[in-house]
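Novice: Pasting a structure here, questions to come.
Readers should treat all values here as calculations from the given coordinates under stated rules, not as data from a laboratory. Worth saying up front: this structure is predicted, and the values here are computed from it rather than measured. Counting neighbours? That spans all protein chains shown, and the Cβs are built from the backbone with ideal geometry, glycine included.
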Amino acid sequence: MKNALCAAGRARQGELLSLVMDGLSGGGLDVRPGEGSMVAIAWPGARCAAAVSDCGRAEWEYCPGPPADPGLAADVATALLTGRPGPFPRLAERRDRATFKASVGRELTARGMEVGLAVYTDEAAFDAFAEIVATAPGGGEDAQVHVADDGGMTWIYEYQAGAAPLGPGPCRDVDPGSMAAAVVQAVTQAMDCLRASEQGRSA
């Protein structure tokens, strides 16, 4: 995660992070402060964290242990992008030899999401890495979900992406309460999808 704290608008330094931590903790999640603008979210068998910048940017990262479930990843991405809690029906036809990200991308496309492929190249190492990038239809680029073949997911949220910057630099006029509520709601719904899957496996 590449977030760095900065003072912006009505948000005091660290205020958004504190509000988000309080909101997630109040929703029953085990959260602990991490380095800088990060907060660790305890989850069995996975690495999970969030980062919130006072400049109006938030990220949520989930890296499950093997084997990762593409159907669950599609559900989590749908919840993050649409605000709907689920459950979600499977709409895409399964393909046995499809990669993880391809399976997730096809399911999200069948659900009406806009999905593209991002390819990152390392010319020095003669290597490349690819992931899908999904957005809600008509939602612009204020929220994106990135999914890789190892099952790792990253939700990136830009608060009021069309708002005017506060002078030079990336900072925008951020309403701390409004942004914190949006982040807490999205992350909580994503974690609810994970919780429902865990309960289904243990039933």
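Novice: Could you work out how much longer the chain between SER18 and ALA42 gets when fully extended? Use 0.36 nm per residue separation minus the Cα distance between them, nm to one decimal.
Specialist: That works out to 6.9 nm of additional length.
Novice: While we're on this one: Scan the range 43-150 for trypsin sites (Lys or Arg not before Pro) in coil per DSSP, keeping those whose Cβ has at most 16 other Cβ atoms within 10 Å, and list them by number.
Specialist: Answer in residue order: ARG90, ARG94, ARG95, ARG97.
Novice: What list do you get for TYR62, TYR157, TYR120 if you sort them by fewest beta carbons within 10 Å?
Specialist: TYR120, TYR157, TYR62
Novice: Within the chain, what's the longest run with no GluC sites (Glu not before Pro) in a DSSP loop and at most 14 other beta-carbon atoms within 10 Å? Give the range, please.
Specialist: Counting at most 14 other Cβ atoms within 10 Å as exposed, the longest clean stretch of the chain is 142-203.
Novice: Please give the Cα centre distance for the range 50-73 versus the range 98-116, rounded to the nearest Å.
Specialist: Measuring centre to centre over Cα atoms gives 17 Å.
Novice: Here's something else I'd like to know. Can you compute the helix-only [θ] at 222 nm over the chain? Use -39500 (n - 2.57) per DSSP H run of at least 4 residues, normalise by all residues, nearest 500 deg cm²/dmol.
Specialist: The per-residue figure over the chain is -10500 deg cm²/dmol.
Novice: Next up: Under 8 Å for C-alpha pairs, at least 6 residues apart: give me the relative contact order for the chain, rounded to a whole percent.
Specialist: So the answer I get is 26 percent.
Novice: Could you derive backbone 3J(HN,Hα) for the range 96-111 from the dihedral phi with the Karplus parameters 6.51, -1.76 and 1.60 (θ = phi - 60°), listing whole Hz in sequence and x where the residue is Gly or Pro?
Specialist: With the stated coefficients, the range 96-111 comes to 4, 9, 6, 6, 4, 5, 5, 5, 5, x, 5, 5, 5, 4, 5, 8 Hz.
Novice: Which one of VAL145, PRO176, LEU29 has its Cα pushed farthest toward the positive end of the charge dipole of the chain, where Lys and Arg give +1 and Asp and Glu give -1 at the Cβ?
Specialist: Farthest towards the positive end: LEU29.
Novice: Taking Cα atoms, how many degrees apart are the long axis of helix 176-202 and the longest axis of the chain, rounded to 10 and kept between 0 and 90?
Specialist: With rounding to tens, the tilt is 30 degrees.
Novice: Among residues other than ILE132 whose Cβ falls under 12 Å from its Cβ, what is the net charge (Lys/Arg +1, Asp/Glu -1)?
Specialist: Net charge in that neighbourhood comes out at -2.
Novice: So for the chain, considering every pair of alpha-carbon atoms, how many percent are separated by more than 21 Å?
Specialist: It works out to 53 percent of all Cα pairs.
Novice: Suppose every Lys and Arg Cβ carries +1 and every Asp and Glu Cβ carries -1, with no other charges. What dipole size does the range 15-74 come out with about its Cα centre, to the nearest 20 debye?
Specialist: 120 debye
Novice: Would you kindly state how much longer the chain becomes between SER197 and ASP173 on full extension, computed as 0.36 nm times their sequence separation minus their alpha carbon distance, in nm to one decimal?
Specialist: Contour length minus the Cα-Cα distance gives 4.9 nm.
Novice: I've got another one for you. Which far-off residues, 5 or more places away or on another chain, put their amide H under 5 Å from the one on GLY112, with H placed in the peptide plane?
Specialist: When sequence neighbours closer than 5 places are left aside, there are no close amide H contacts.
Novice: In addition: Treating only the Cβ of Lys, Arg, Asp and Glu as charged (+1, +1, -1, -1), what charge dipole size does the chain show about its Cα centre? Round to the nearest 20 debye.
Specialist: Roughly 440 debye, rounded to the nearest 20.
Novice: Using only Cα atoms, find the angle between the long axis of helix 15-26 and the longest principal axis of the chain, and express it within 0 to 90 degrees, rounded to the nearest 10.
Specialist: Rounded to the nearest ten degrees, it is 50.
Novice: Now for a separate question. Just going by the charge dipole of the chain, with Lys and Arg at +1 and Asp and Glu at -1 on Cβ, which of GLY45, PHE88, GLN189 is farthest out on the positive end?
Specialist: The listed residue farthest towards the positive side: PHE88.
Novice: Additional query: Which angle between 0 and 90 degrees, to the nearest 10, do you get for helix 70-82 versus the longest principal axis of the chain when only C-alpha atoms count?
Specialist: In the chain, helix 70-82 runs at an angle near 40 degrees to the longest axis.
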